[in-house]
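Beneath this line is the structure, given in structure tokens, with notes to follow.
The values are calculated or read from the model by the stated rules, or taken from the named source; none is laboratory data. No experiment lies behind these values; they were computed from the predicted model shown. Here Cβ is always computed from backbone atoms with ideal geometry, including for glycine, and neighbour counts include all displayed protein chains. These area figures cover heavy atoms from the full protein model, side chains too; ligands, DNA and RNA do not enter into them. Shrake-Rupley method; radii C 1.70, N 1.55, O 1.52, S 1.80 Å.
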Amino acid sequence: MLALVAALGAGHLVAAFVGIGASPYLAVGNAAIDLTPTWLKDFAVSAFGTNDKPVLLAGMAVVMVLLAVVAGLLSRERPWPGQLIIAVFGVVGCLAVWSRPDLGQAALIAPLVSLAAGVLAFRWLHHAALTRGVSASRRQFLVTAVVAGVAGLVGQWAGTRKDAGSSRAAIGPLVPAQPAPPVPADADFAKLGTPPFITPNGDFYRIDTALVVPQLPAQDWSLRIHGMVDRELTFSYDDIRRRPLVERVVTLCCVSNPVGGPYISTSRFVGVDLAELLTEAGVQRGAQQLFSTSTDGFTAGTPVSTIMEPGRGAMLAIGMNGEPLPIEHGFPARLVVPGLYGYVSATKWVTDLELTTWDAKQAYWLQRGWAEQGPIKTESRIDAPDGGVAAGKVRVAGIAWAQHTGIDKVEVRLDSGPWQQAVLSAEVTTDTWRMWWAELDAAPGPHSATVRATDRSGYTQTDRLADVVPDGATGWHTITFTAH
Ligand SMILES: Nc1nc2c(c(=O)[nH]1)N[C@H]1C(S)=C(S)[C@@H](COP(=O)(O)O)O[C@H]1N2
Ligand SMILES: [Mo]
């Protein structure tokens, strides 16, 4: 176990200098995320929500400790079983680092040092324990534990010290030349239990594959537009920032959001019009997808026809709610395309835009069994009541969304009673959620309430339950409560 700790500590320390993602522990975690089959990812999200990453790291630690203990027990007489297992760990670490799209060859030094440290520590400790007995070699054990622990901590400190926080703090206010109209006071029913219309940045849902949030200072960022274009363009942060900025209020939502789920939020995004940038580059005939890549190797494929639609409002965003993008939401820049799920459109930490065909390239989630096209499905959710209520007139409230189409009607029913029309909040844009409330007459006892929305195309939400894979959940949200 101590040899394992020594290996991980040494690797983490070296990774601080070649990119913390080269730390064998983190690289194996990242590789596990990339290799996770869709059903398992789905299970992890439904079981652990956005805590899936700490759960993964803890799970890895438990598995490694168990293997290390077994290796130790097998090595009571001879050192080779332990050395073999450490070597296997080392090879797995090297493969994981090697497979990372965002790490160069030099990053392999971290898992190699890790491997060497693990083998050496194991031999040293094993020799001491065999020749002098376990209790007499206590000093060696202690030295290894302390040195490995300090190496790991120093690596953690040095490797995460270079962060984008100071660059972000130096950006200053992002003032849109075209501000979005103010949100009217009756755009939400927060007093009745709905979320506030604009989600505070700290509460905005977060979904991504990044085990360590990418730290990309604005001065080191650039965006390249290439592929099927007339002229290749590269923009610096200042190039983007100096353009007339637009502000658009958009409700973003994740394809992994189950019926009634939390992965939906609304923000005032500030940035530049994406269709304008692409027009400057000159989109060539035959370009079907905008293949966007982030600094950590995530990719998304967005239909060019959607981005170029007049009035779609697709953006390269650099700000949220008057601030530069929070680092975990994509600082310095990300894409936002109203009406499309994030996995096909909302690339955070975006650095590369390639115009290409669907056949030429497959984006991250497409390779893992999710749909090529990801328009957001019309859905609704009940937020209140949450638990027990007084019998009589019971207020129910929630949200409904049909981005880029608009919500026209929300209906609620008590148990299997008749549908009752809900009161809708003011519509801010068709790209944002709409809040609703209604009053149901509930006698004392247990009840259920169900909601369904109708969008402006005339479509009423189907009650057919569909899983989130491959292109988003469907079904009516039902809650249960007791009236006293
Ligand atoms: N670089 C990167 N961008 C990404 C992702 C990712 O894993 N990596 N996930 C996408 C998904 S699935 C969604 S739903 C949105 C979520 O954006 P948010 O975290 O700002 O809410 O980001 C998208 N952009
Ligand atoms: Mo997502």
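Taken together, the residues in segment 43-78 that are out of contact with any Gly (no Cβ under 8 Å at 6 or more places or on another chain), surrounded by 18 or more Cβ atoms within 10 Å (Cβ to Cβ) and in a loop (DSSP other than H, G, I, E, B) amount to 0.
Filter segment 30-42 down to the residues that are open to solvent by less than 40 Å² (accessible area, probe 1.4 Å) and of a type in the set (A, V, I, L, M), then identify the one that is nearest to the chain's Cα centre (by Cα). Taking the candidates together, the pick is I33.
Scanning segment 318-348 for residues that are crowded, with 24+ Cβ neighbours inside 10 Å, more than 16 Å from ligand 2 (Cβ to nearest atom) and within 18 Å of W433 (Cβ to Cβ) returns a single hit, M320.
Being free of Cβ contacts under 8 Å to residues at least 12 places away in the same chain, surrounded by fewer than 19 Cβ atoms within 10 Å (Cβ to Cβ) and not polar (S, T, N, Q) holds for only one residue in R242, R231, R224, and it is R242. Of all residues in segment 117-134, how many are open to solvent by less than 90 Å² (accessible area, probe 1.4 Å) and in contact (Cβ under 8 Å) with a residue 24 or more places away in the chain? Adding up the residues that qualify gives 7.
Residues of segment 271-299 being open to solvent by less than 30 Å² (accessible area, probe 1.4 Å), touching a Gly at 6+ places or on another chain (Cβ under 9 Å) and either at pLDDT below 95 or not hydrophobic (A, V, I, L, M, F, W, C) (or both), which ones? The answer is G271, D273, Q289, S292, S294, D296.
Scanning segment 429-470 for residues that are among the charged types (D, E, K, R) and touching a Gly at 6+ places or on another chain (Cβ under 6 Å) yields one hit, R456.
Annotation for segment 350-360: no member residue is within 13 Å of ligand 1 (Cβ to nearest atom), modelled with pLDDT of 95 or more and in contact with a Gly (Cβ under 6 Å, 6 or more places away or on another chain). Scanning segment 195-217 for residues that are farther than 17 Å from N51 by Cβ and either outside any loop (DSSP other than H, G, I, E, B) or within 16 Å of ligand 2 (Cβ to nearest atom) (or both) yields a count of 2. Scanning segment 182-194 for residues that are without any contact (Cβ under 8 Å) to a residue 40 or more places away in the chain and either part of a loop (DSSP other than H, G, I, E, B) or within 16 Å of ligand 2 (Cβ to nearest atom) (or both) turns up just one, P182.
Restricting attention to segment 245-259, the residues that are open to solvent by less than 30 Å² (accessible area, probe 1.4 Å), within 16 Å of ligand 2 (Cβ to nearest atom) and outside any strand (DSSP E or B) add up to 4. Would you confirm whether or not segment 272-289 contains a residue that is within 16 Å of the chain's Cα centre (by Cα), more than 16 Å from ligand 2 (Cβ to nearest atom) and within 30 Å of G29 (Cβ to Cβ)? The answer is no; no qualifying residue exists. A search for C-beta distances below 6 Å between a residue of segment 54-71 that is among the charged types (D, E, K, R) and any residue that is open to solvent by less than 80 Å² (accessible area, probe 1.4 Å), counting only pairs 6+ apart in sequence or on different chains, returns nothing.
Yes/no matrix, rows are residues, columns are (1) within 22 Å of P470 (Cβ to Cβ); (2) open to solvent by 50 Å² or more (accessible area, probe 1.4 Å); (3) free of Cβ contacts under 8 Å to residues at least 60 places away in the same chain:
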{"site": "Q367", "(1), (2), (3)": "yes, yes, yes"}
{"site": "D383", "(1), (2), (3)": "no, no, no"}
{"site": "R395", "(1), (2), (3)": "no, yes, no"}
{"site": "H404", "(1), (2), (3)": "yes, yes, no"}
{"site": "L414", "(1), (2), (3)": "no, no, yes"}
{"site": "W419", "(1), (2), (3)": "no, yes, yes"}
{"site": "T430", "(1), (2), (3)": "no, no, yes"}
{"site": "W433", "(1), (2), (3)": "no, no, no"}
{"site": "A438", "(1), (2), (3)": "no, no, yes"}
